[in-house]
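Structure record follows, encoded as structure tokens.
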Amino acid sequence: GGKYGIATNGISHDDIGAVEVMENHQPMQVLRGLSFSDQAAINLKMKNRSKATFLVHGTLAGGWSQQPKGALWHGDIFTMMVTGRYQMITTFKGNNTGINLSDQLIDFTSDRTDEGLEGYISLPTLVTPNLQRNRSYLNRSWMVSSSHLLKTSKGGELKAQIDYNNDRVTARGASSTTYFLESGDKMILEDRNSLAHRNAITGKFSFEINEKKYFLNNTLTADVSWNDLKINTSGTVHNTQDARSPEYSVSNLLKVIKRFGNNKLVTFTSRNEWISLPEKLTVYREGEKYGENIKQHSFYTDERASFGFVFNRVLLSLEAGVAGYFRNLDSDLWGITNENLVDKEELTTDYLRIFAAPKFEWSYRKLELTLNLPVNLYSYFFSGGLRNRTEFFLSPSLAARFRITPRMSLTLRGSARRSPASLHNIHDSSILTDYRSFSSGVDDYYSSSGQSLSLSYHYRNAQSGVFLMTMGRYGWNRSKFGTVQNIVGDYIFHSYRPQPSDSRNAMAFLNVSKTLDFMRGAVGLKGNYTRMENNILSQGVRTDYQSESYSLSPSVNGNISSILNWTLRFTWDRSVLKISDMDSRRSDNFIYSGNVTLTPCPLITWTAGGEFYRNQIETGRYKEMLMLDTKLTFNISKRIEISASVTNLLNRKNYTYTTYGTLSQYERSNQLRGREFLISIYLKK
């Protein structure tokens, strides 16, 4: 399926015959030749000797860490079986060495639902931007994943995927938050210790028939997770926060596609999903206790059918259906008495939707045009003081793709939309999101509108080793409500005002590379730019703000035979914040990184590398840090490998950086993993 992390982090390279990256991949045979596809897929072809046999390998490692001080351990077992009718991958992993196992369980190809539930409680977590995550991830993690595929005698496939993930993560850091206000800046100092626990179980079961004339897939998914977070904070406001936010969901997706002749398609899709998201936040402060209890649950159903046919290079299709969303929200703010706060609310926000989405696809020689005209009619049903209402939405989009040459393409996209309100923000209550932040919703229905234009360019010349992709986008947005931020004492109040708000955003991306045959390597350049303009009502004063970020990262790599491999990279990041008539503020970060791998003989491999960070803390003041790693591996045979590694050789223990928020600046110093020594042994059957 789409959990590439399981395969790419587990299958031994000795068992892989070829790696295929398929662009414009159309996994459904029934759609081939009828519908454009911009999907990409990875296909791994096994060597013949690795088929129809039970493959198993594993790693066991142990060592010592200086921060947090104690023993290190890491272990994993990977098993695989590939036959003509049956495929299986089962893996077990555990570590406290900073490896985040949950990333390996991401499903890159799963269908996303149109509706979901968002949590309201949002405690600050310690993140370290621009730093490799394993340098600051103080964890104890376990993961079990088992995937099975069985082909039936009639051409169908049964798939079962069961995953379990357990994480215990600690973090420590200090921060200084400055809020820029017309009346004078407000500063909050915090020194935080946090402990997070997460348990998650996911089960995914599907049956699929994929033929040239007929496609059927039914997928049942169940997700259960328990998330607990405790934060002890000292500084401006001493307190302890305890948050619990379990999540339960069950969904079923059925898709049937039937092809008639060579140019007609009929599709039926049914999605049903139930989600429950209870949350509880308890704050202990100066001998008193207060907090927030929130209960949310929803049921979403979407039933749709579509018909399409091809006529003289034109694909016409019409998708239509009905959907329903039924959501309950109960909030209870307790332990705080304030006449300006609404402490309790029971609310239902439901809707029924009728929709139709005509689609026009036309191709002629080097040109492909795609026109979408989705139409939605919503009937909303609210409890409390909100009146029921009916809203109509039209959101056309047009894309033109020019295949200038077989190696070069240019795509232009434009869209205009009017979007329905986010039901998450429609409520009267004042919700405590962390120990000093309150979020009030909107007591009226609202919608937003916007337009966007984008242009992308692709060029590929595999023979000369030149690859180029660049894209730019600009968007305009308008909402019926604007945002409000007020700071009263140590508390921050976020709310909305019934006044139209306009914003603009722009982004650009560049990725170019060129292979260099003379040194058996490549040179590349990546660049990013984002810009956002908006306004907010701060302390009763309309405040315009503009944020920009730049990133530029050239790199080069090469190797000398199989003896020496090396990589060098430089990254420059800049963040800029401009608030009304105030002077602009900016922060520059520089990262120099590289590594070298030396293999003097097949028995020995030595790797060394690291990064040098130069982060701007304030004007004229920088924080510099050098981190080095090294690893020595003995390749005793194809089935046995022993290695010894030292990470953070210089024992750097803190990472300091500066970032910007809406009208704020954050200066933070987070705890890192100290010097670590690890010995591991790899065994393969």
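The values are calculated or read from the model by the stated rules, or taken from the named source; none is laboratory data. From a predicted model like this one, the values you see are computed outputs, not experimental measurements. Every residue, glycine as well, gets a Cβ built from its backbone with ideal geometry; the counts of neighbours run over all protein chains shown.
Listing for the model above:
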quantity	calculated
Strands (runs of 3 or more DSSP E) enclosed by region 423-472 - at least 2 residues per element that are in contact (Cβ under 8 Å) with a residue 60 or more places away in the chain	430-434, 437-440
So Leu55, is it buried (at least 17 other Cβ atoms within 10 Å of the Cβ), modelled with pLDDT of 80 or more and assigned to a loop (DSSP other than H, G, I, E, B)	no
Strands (runs of 3 or more DSSP E) within region 554-668 that include 3 or more residues under 21 Å from Tyr137 (Cβ atoms)	585-601, 604-618, 621-634, 640-647, 654-660
Of all residues making up region 114-159, the number that are part of a strand (DSSP E or B) and either among the basic types (Lys, Arg) or under 29 Å from Asp228 (Cβ atoms) (or both)	12
Of residues in region 81-111 being out of contact with any Gly (no Cβ under 9 Å at 6 or more places or on another chain) and within 30 Å of Gln671 (Cβ to Cβ), the one surrounded by the most Cβ atoms within 10 Å (Cβ to Cβ)	Gly98
Asp114 vs. criteria under 30 Å from Gly594 (Cβ atoms) and exposed (fewer than 15 other Cβ atoms within 10 Å of the Cβ)	no
Qualifying residue in region 216-231 (condition: surrounded by 18 or more Cβ atoms within 10 Å (Cβ to Cβ) and among the charged types (D, E, K, R))	no
Hey, Ile6 part of a loop (DSSP other than H, G, I, E, B), at negative phi, at pLDDT 75 or above and among the aliphatic types (A, V, I, L, M) or not	no
Among (1) in contact with a Lys or Arg (Cβ under 8 Å, 6 or more places away or on another chain); (2) surrounded by fewer than 15 Cβ atoms within 10 Å (Cβ to Cβ); (3) under 23 Å from Asp76 (Cβ atoms) - the single one His148 does not satisfy	(2)
Subset of region 264-281 [touching an Asp or Glu at 6+ places or on another chain (Cβ under 9 Å) and surrounded by 18 or more Cβ atoms within 10 Å (Cβ to Cβ)]	Thr267, Thr269, Arg271, Glu273, Ile275, Leu277, Glu279, Leu281
Answer from Phe309, Phe355, Phe326, Phe392 - the residue that is under 27 Å from Leu277 (Cα atoms) and not charged (D, E, K, R)	Phe326
Hey, Asp517 touching a residue at least 40 places away in the same chain (Cβ under 8 Å), under 30 Å from Thr543 (Cβ atoms) and more than 30 Å from the chain's Cα centre (by Cα) or not	no
Region 166-186 residues that are without any contact (Cβ under 8 Å) to a residue 40 or more places away in the chain, paired with ones that are in a strand (DSSP E or B) and small (Gly, Ala, Ser) (beta carbon under 9 Å, 6 or more apart)	Asn166/Gly94; Asn166/Ser141; Asn166/Ala200; Arg168/Ser141; Arg168/Ala196; Val169/Ser141; Val169/Ser194; Val169/Ala196
Scope region 560-590; condition farther than 26 Å from Arg614 by Cα, among the aliphatic types (A, V, I, L, M) and free of Cβ contacts under 8 Å to residues at least 40 places away in the same chain; matching residues	Ile563, Leu564
Arg168, sole failed condition from (1) in contact with a His (Cβ under 9 Å, 6 or more places away or on another chain); (2) closer than 30 Å to Leu216 by Cα; (3) charged (D, E, K, R)	(2)
